[in-house]
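See below for the structure under consideration.
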Amino acid sequence: RDRCRRLDLSGNNRNCFLTGSLTDYCRNFLGKGQRCLLNLPKTEVWKNAPHGSGRFYFQSSPLQGEKVTSFQNNTAGLHPSHFSARNVQIASFFHTSPSLQAAPVPLFWIIVKPAQKLFAIILGRSIRNWWKALPPNKRELFKESARRNKWKILLGVSSLGVLFVVFYFTHLEETPITGRARLLVFGKEHFRQLSQMEYDMWMEEFKNKMLPETDARYQVVKSVVGHLSESNKDVPQVSALDWVIHVVDEPGVNAFVLPNGQVFVFTGLLNAVSDIHQLSFILGHEIAHAVLQHAAEKASLVHFLDFLSLIFLTMIWAICPRDSLAVVGQWIQSKLQEFMFDRPYSRTLEAEADKVGLQFAAKACVDVRASSVFWQQMELAEAIQGQPKLPEWLSTHPSHENRAEHLDRLIPEALKIRERCNCPSLSGPDPRLIFKLNMQHLLESSKVQETQNSTEQALSKPKLDFPHT
């Protein structure tokens, strides 16, 4: 029977990660716990959840005067600087995926996809010009012939539709862990080999920015990833991959995992997280993307939809009377595909990675309550920056607010997983409560400061004496 060994990640150590005891804390992190082998039941995926942007350091410490929050904007070290409520500094956006897709694009797409679209445009335009050049009597003959053979035409179109449906259902596979049915066109091994191309690209780009293995920050990431993989090695997809760590000295708040197990973490992310619990959840989320093969799944869906769109693209260029209208129609078609299929599907995959990543963190005895706090911090960062709050349907990721709410709904089950793994009880205060109290204190402090400023401005105004009538 699988055993769950204890790991002391209690709430009273929440701030050790970014303070002076970093190395000692990591030794403690590895020394006191090894793994929890637990077969998780297959559950339905949450689909209404969310995306992160903005980064800052939030220290959940007791309320003391104006030093309620600490926002880290220094990418050189790991020690947070304290700012007053009036001097809050926010850094750049946070994305848990690289600027390019973490999934490699199959090589033949680079050539075939543009050629397919060009062929569809030329074919549709040729049909339109051919139809315009026909004499009126021949047009009527074609129309009459189409009316006589409408059932044959309908049968041909239906047969084509059936072929697409058969292709779709014969390429459905079950997602690991969650058991969700999904389309998978590309072979797993072939796709993993193609990921080596992107790995070589990233290594070439970051070759002068890689931290050495002796760096304390590298050791932190290595410890967290090693513990997550060890605690979840009962999952075949986790134990099958060789997780290789790369820490990039970049200020961007970013982390991603390639399908072949190459883990890339930017130092900006290490400066942005509050503690090792948040870092463990984020890396668990990224590992979940690789384990669930989201890269191959997303590429398969895009490939399937692009192939279907070629039919509509040909029809648009054949029906529209002018090229300008055809261009507009093509743009509308691409946007409909993006907002009705691509982006919602991407948000679903992000929500699924949050769910599975939280389970991975729970089996590693992490304080899973810190996961929703991280996205609340991101929400606060955007609010302080004054960034416009765009609707979620415009994004490929869920909103910070919805993401935090989604995780709050998942945390009770994650806490049960910790109990089944015989993890030590969380003796510290709930970080969600601390965050809420700190935000209330920050708002009260800002209101007091605004009142003082308005009073000072009123006293500094010159008094004007008007004569009495």
Fully extended contour minus Cα-Cα distance, from Glu250 to Phe341, at 0.36 nm per residue
29.5 nm
For segment 333-417, rounded, prolate or oblate, judged on the Cα gyration tensor with a ≥ b ≥ c (square roots of eigenvalues), a/c < 1.5 rounded, else prolate if a/b > b/c?
oblate
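Just the ratio, please: alpha-carbon radius of gyration of segment 213-260 over 2.2 N^0.38 Å, N its number of residues.
Values: Rg = 11.9 Å, N = 48, 2.2 N^0.38 = 9.6 Å.
So the Cα radius of gyration is 1.25 times the expected 2.2 N^0.38 Å.
Size of the dipole of segment 184-306 about the Cα centre, Lys and Arg at +1 and Asp and Glu at -1 on the beta carbon, nothing else charged, in debye to 20?
Details: 8 positive and 16 negative charges, 29 e Å.
Using only the charged Cβ atoms, the result is roughly 140 debye.
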For segment 263-330, shape from the Cα gyration tensor axes a ≥ b ≥ c, cut at a/c of 1.5 then a/b versus b/c, turns out prolate
What length, rounded to one decimal in nm, is gained on full extension from Gln452 through to Leu160, with 0.36 nm per residue of separation minus their alpha-carbon distance?
97.9 nm
Got a number for carbon plus sulfur as a percent of segment 116-223's accessible area, 1.4 Å probe?
63
Leaving ligands and nucleic acids out of the surface, order Val112, Val247 by accessible area at 1.4 Å, largest first.
Val112, Val247
Return the loop-located GluC sites (Glu not before Pro) in segment 131-233 (DSSP other than H, G, I, E, B) with at most 11 other Cβ atoms within 10 Å of their own Cβ; answer none if there are none.
Glu213
Could you pull out the pairs from Lys117/Lys335; Lys209/Lys298; Lys298/Lys335; Lys113/Lys298; Lys132/Lys335 whose alpha carbons sit more than 19 Å apart here?
Lys209/Lys298; Lys132/Lys335
Which value results for Rg/Rh of segment 157-294 when Rg is the Cα radius of gyration and Rh the Kirkwood radius based on the inverse mean 1/r?
1.08
Highest mean first, what order results for 331-338, 261-268 on Cβ atoms within 10 Å?
261-268, 331-338
Quick one: Karplus J couplings for segment 287-292, per residue in order, coefficients 6.51, -1.76, 1.60, θ = phi - 60°, nearest Hz, x for Gly and Pro?
5, 4, 4, 6, 5, 7
Mind giving me the FRET efficiency for Leu433 and Arg409? R0 is 22 Å, r the Cβ-Cβ distance, nearest 0.05 is fine.
0.80
Based on the Kirkwood radius over alpha-carbon pairs, what value in µm²/s does the Stokes-Einstein equation return for the translational diffusion coefficient of segment 220-326 at 10 °C and 1.306 mPa s?
97
Between segment 161-204 and segment 327-351, what's the alpha-carbon centroid distance in Å?
19
Applying a 10 Å radius around every beta-carbon, put 215-224, 396-405, 232-241, 282-291 in order of their mean neighbour count, most first.
282-291, 396-405, 215-224, 232-241
Which order do peptides 269-277, 445-453 fall in by mean Cβ count within 10 Å, highest first?
269-277, 445-453
In nanometres, what is the gap between the two model label sites at Phe167 and Ile153, each 7 Å from Cα along Cα-to-Cβ?
2.3
Measure off 7 Å from each Cα along the Cα-to-Cβ vector at Glu174 and Asp200, then give the distance between these two points in nanometres to one decimal.
3.7
Given a 1.4 angstrom probe, I'd like the percentage of the accessible area of segment 256-309 that is carbon and sulfur, rounded to a whole number.
74
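The values are calculated or read from the model by the stated rules, or taken from the named source; none is laboratory data. None of these values were measured; they are calculated from a predicted model. Backbone-built Cβ (ideal geometry, glycine too); neighbour counts: all protein chains shown. In case anyone asks, the SASA skips ligands and DNA or RNA and just uses the protein heavy atoms, side chains included. Shrake-Rupley method; radii C 1.70, N 1.55, O 1.52, S 1.80 Å.
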